[in-house]
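Q: My questions will all concern the structure given below.
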Amino acid sequence: MKKYSSTEAVSAMASATSRTASLKLCLGIVLLSSLLLPSAPHVLADEESLSETGFFLDTVISITIYGSSDSTVMDGCFSLLDDYEQLFSRTIEGSDVWKINHSSGEPTEVDSETAALIEASLYYSEISNGKFDITVTPLAELWDIENNTGYLPSDEEIQEALSHVDYTVISVDGAAVTLADPEAEIDLGGIAKGYIADRLKDYLKSEGITSALINLGGNVLTLGEKPNGNNWKIGIRKPFGESSSDLIAVVETADMAVITSGTYERYFELDGVIYHHILDTETGYPVENGLTSVTILSESSTEGDALSTTCFVLGLEDGMELVEATDGVEALFITNEMELYRSSGFPED
């Protein structure tokens, strides 16, 4: 398999997405009330703005654009969301990912952006020794945490699923993707929302927008500052808090992504034990390392999305080491005991 460095991943994705700027068609984070979270399409606030919500990527998304009342710009955002869902969705028949997963091990020609995003995913698999792995699908489907009300898979079932979880079976040759294991399946859910948010931001900038808020199911990306010149205030939910407004920290930032992965997002509880959706690719069970969430602050939403999961599965010590070694990235780790650990540059409240 081709080795893929972080710099190469970013470069490849940038070149693959040069078309985005010219396109005219086309829950761990809480937005504080001062951010004017939209509740209906095309809301005109005191500051000239447009807001719209929708359902893409299996989650509720919202976009707010300031300094413009041109609805065609918002229409372009939602067209892009639809385009990318048709590429990256695992469940939409005919999508790039669906075709790869149903290829019976044969090379599959995909869009250049899909190929570049898969290669970027492989980089995060390499730096985490496979703890971040987009072939986790058979294991995730076995657990089906989102719909599971208390079923514990047997060891035999887990081992069978694990036998098809191995990122090294993926090879990318130009725009052709091959799974050496015909029973392996990929899922880009751990990185796709971050990538799409970056492309939305690129599109908005190309349309002359200088202030905007992109929220893809709790993956928050800000464009510039707030219209009044102040930083955005992004609230980080308290894990297992009583409500979405129960915060454990607040981040003030501008032109950055704030993305959280945590055990409280999707889980079920059985006999006092919480079984969550972040799975350990070694044991086949939900990760148990004393962490309940990791929030990443980064310029790149793609990087932040991948690192939020990667750092969670690595644990506090190794995850913090990775963050401190990565330029332009900061993190907040929260333990099961609600202890907060900030990287050296993560802002204090």
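The values are calculated or read from the model by the stated rules, or taken from the named source; none is laboratory data. The shown structure was predicted, so the numbers you read here are calculated from the model rather than taken from an experiment. Neighbour counts run over all protein chains shown; Cβ positions are idealised from the backbone, glycine included. Calculation scope for accessible area: heavy atoms of the full protein, side chains included, ligands and nucleic acids excluded. Shrake-Rupley method; radii C 1.70, N 1.55, O 1.52, S 1.80 Å.
Q: Could you tell me the center-to-center distance, by alpha carbons, between the stretch 70-129 and the stretch 272-349 in angstrom?
A: 24 Å
Q: Give a quick list of GluC sites (Glu not before Pro) in the stretch 235-315 that DSSP marks as loop, anything other than H, G, I, E or B, with at most 10 other Cβ atoms within 10 Å. Don't skip to the end; give the middle numbers.
A: Details: sites: Glu242, Glu252, Glu265, Glu269, Glu282, Glu288, Glu299, Glu303; in loops: Glu242, Glu265, Glu282, Glu288, Glu299.
Taking the stretch 235-315 and a limit of 10 other Cβ atoms within 10 Å, the loop GluC sites (Glu not before Pro) found are Glu242.
Q: OK, next. Which residue, chosen from Ala257, Leu279, Thr310, occupies the Cα position most advanced towards the positive end of the dipole of the stretch 225-349, where the dipole is computed from +1 (Lys, Arg) and -1 (Asp, Glu) charges on Cβ about the Cα centre?
A: It is Ala257.
Q: Given H placed 1.01 Å from N in the peptide plane, which residues other than close sequence neighbours of Gly105 have an amide H under 5 Å from its amide H?
A: Answer set, sorted by chain and number: Leu179.
Q: Would you mind working out the accessible area per residue for the chain, using a 1.4 Å probe, and quoting it in Å²?
A: Here the residues of the chain average 43 Å² of exposed surface.
Q: May I ask you to compute the full-extension gain from Lys205 to Leu340, defined as 0.36 nm times their residue separation minus their alpha-carbon distance, rounded to one decimal in nm?
A: Result: 45.1 nm gained on full extension.
Q: Holding the Cα-Cα limit at 23 Å, pick out from Lys99/Lys205; Lys131/Lys233; Lys99/Lys193; Lys205/Lys238; Lys99/Lys201; Lys205/Lys233 the pairs that are longer than that. Each step should come with its number before you reach the end.
A: On the way: Lys99/Lys205 32 Å; Lys131/Lys233 32 Å; Lys99/Lys193 20 Å; Lys205/Lys238 33 Å; Lys99/Lys201 28 Å; Lys205/Lys233 21 Å.
In this structure, Lys99/Lys205; Lys131/Lys233; Lys205/Lys238; Lys99/Lys201 exceed 23 Å between Cα atoms.
Q: Given the rule -39500 (n - 2.57) for each run of at least 4 DSSP H residues, summed and divided by the residues of the chain, what is its mean residue ellipticity at 222 nm, to the nearest 500 deg cm²/dmol?
A: Helices in the chain give a 222 nm mean residue ellipticity of -9000 deg cm²/dmol.
Q: Note down the magnitude of the dipole of the chain about its Cα centre, charges +1 on Lys and Arg C-beta and -1 on Asp and Glu C-beta and zero elsewhere, to the nearest 20 debye.
A: 1000 debye
Q: Taking the Cα centre of the stretch 78-168 as origin, sum charge times position over the Cβ atoms of Lys and Arg (+1) and Asp and Glu (-1), and report the length of that vector in debye to the nearest 20. Don't skip to the answer; put the middle values down first.
A: On the way: 3 positive and 20 negative charges, 33 e Å.
For this selection, approximately 160 debye.
Q: Further question on the same structure: Could you list the chymotrypsin sites (Phe, Trp or Tyr not before Pro) in the stretch 163-214 that lie in coil according to DSSP, counting only those with at most 10 other Cβ atoms within 10 Å of their Cβ?
A: none
Q: If one puts a single equal scatterer on every Cα of the stretch 223-349 and applies the Debye formula without solvent, what log₁₀ I(q)/I(0) results at q = 0.15, 0.16 Å⁻¹?
A: These q points yield log10 I(q)/I(0) values of -0.69, -0.78.
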